[in-house]
Amino acid sequence: MSGRRAALAAVLAAAAMASQISAQASARHTLRGIVFDSVAMRPLPGALVQLASLPVSGAPRSVVADSVGAFAFDSISLGSYLVGFTHAGIDSLGIEPHPIRVDLRQPDDVNIQLSTPSVATLVRASCKKDIRKDATGILHGYARSARDMMPVPHAIIDLEWSQVNLGRLKLGVRGVSAQANAAGSFLICGIPLGAEILARVFSGPDSTGLLQFTADTTGLERRDFLIGFSEPVHLTTETQLDSTDARPPVVEHSEAPVFRRATRDVRGVVRNVKGLGVYNARVGIVNGDSALTDSDGSFILRNVPVGSQSLDVRALGFLPATALVDVTAESDAGVSFQMVETPVELRSGVARLETSRISGKSLTASLAHIRKGFESRSKTGAGVYLDHADIVRMNPALPSELFRTMNGLTVSPGSGGNNVFMSAAGNVRTRSPVCQPLIFLDGARTEGAQIDALVIPTDLRAIEVYPRGELAPAQYRTLNGCGALVIWTKTMWGNAPDVPKR
């Protein structure tokens, strides 16, 4: 009897244990977690998180991470699962984060963390390079239409940046052209960390504006570019047959439409670090129209071509600032700038500009920095360079006289001073034999200005002349392919040493 009782007790114990295990397995638990962006070191909101049971059977469950990257799956029974996620921010890289396996063996809630691959891993997988040795990263994103924000297949992305050969102390310009895939996605390797990039994105006759931005120093730069488009416009003309005729003029409508670039207005405000409006700051499209801010810092740029555009803002006493703005077909665009005052320390009568920061980017502007940049560029032979001794030796009555004897340049009289023109030979974007170069005064872009009206000869300290657009450094390049005149005065150059008499 004792044996039977022991056997019966064992059966009952096994049944109780099986019942307990069955109850635990049928219990419902919660799997919580957070999606983390290991590149930006912050949560990744909007990620699509999926949960699949093992062995996989049926469609996985899906949730979207909230504004702090958190997600939760409730009513989960004990077992093994695969958890993974996708996000638009890394889709264009063509790399999906590996899912992780989660084994639920205890009747408790579980917390996990999902994260994107590191930048080094992404660069190594996409470009077969080591970011620690190569010091270059990735530019990725989508080319989209400013009409409806949809991806544009096979768009062309043109990039340029300056590069320095430290071994030979030479400056050069490197260009890269890439094509988006059929889904409008692009990935470009070899982008130098922290470099100033010039970009334009094309699709047939449509394009963005000339864009300026700084590549992320982490090595992973995400940019979506909006490509502008043209709209058909029917022209209307009025004809008055006779000035004495009392009848209304004849109105004629063109049968064939004329295609013009679609435009919208850009509105915004420029403030200082205290939140006060900056008056009379000049805000403009790079190589395009500009406007001045009102007393409260507000401005309106009319008829800006749709698509991604670079806006540049400058004001006396402030460091310049640049921002990208996406102008869509739906409505006017808005943008705001925060400008940082230029700290000036007076010492022995010489102004020294210290290192300042704006929008998280370090900008160094000092007399030594400016002079060293001029000396480095003059060694490239890409243009014509005049230092203070050359200017004193030529002794011009007007600044424009310095260019009369230079090959490829023409000086002609105009209202308010002489105009300087360059030969347009080889410039494919103009049919005129000459073009008017863009003038940079102490590093600031001037639109439609005459050099004689900008500066007097006694203030000149150095001059850079780039007779062809492709020879100019990236920061002095123009859209029409014409060259540039870069003028440095004592304001930024400082007082030059005495020049010995010859």
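Gain in length, N407 to L78, computed as 0.36 nm per residue apart minus the alpha-carbon separation, to one decimal in nm? Please list the in-between numbers first.
Details: separation 329, 0.36 × 329 = 118.44 nm, distance 8.26 nm.
Taking 0.36 nm per residue and subtracting the Cα distance, the gain is 110.2 nm.
In this simple spin-label model, placing a label point 7 Å from the Cα along the Cα-to-Cβ direction at both N395 and T458 gives a separation of 1.6 nm. Could you work out the percent of alpha carbon pairs in region 58-161 separated by over 17 Å, rounded to a whole number? Of all Cα-Cα distances in region 58-161, 68 percent exceed 17 Å.
Each of S331 and D265 was given a label point 7 Å from its Cα along the Cα-to-Cβ line. The distance between the two points is 1.4 nm. Of H388, H29, H154, H98, the residue with the largest accessible area leads and the full order is H98, H154, H388, H29 (1.4 Å probe). Where does the charge balance sit around I191 when Lys and Arg score +1, Asp and Glu -1, over other residues with C-beta under 12 Å from its C-beta? Once positives and negatives cancel, what remains is -1. Descending by average beta-carbon neighbour count within 10 Å, the peptides 194-201, 311-318, 403-410, 293-300 line up as 194-201, 311-318, 293-300, 403-410, the highest first.
The values are calculated or read from the model by the stated rules, or taken from the named source; none is laboratory data. Small disclaimer: the values here were computed from a predicted structure and weren't measured. For neighbour counting, all protein chains shown are included, and Cβ atoms are generated from backbone atoms with ideal geometry for every residue, glycine included. Note: accessible area is taken over every heavy atom of the protein model, side chains too, but ligands, DNA and RNA are not part of it. Shrake-Rupley method; radii C 1.70, N 1.55, O 1.52, S 1.80 Å.
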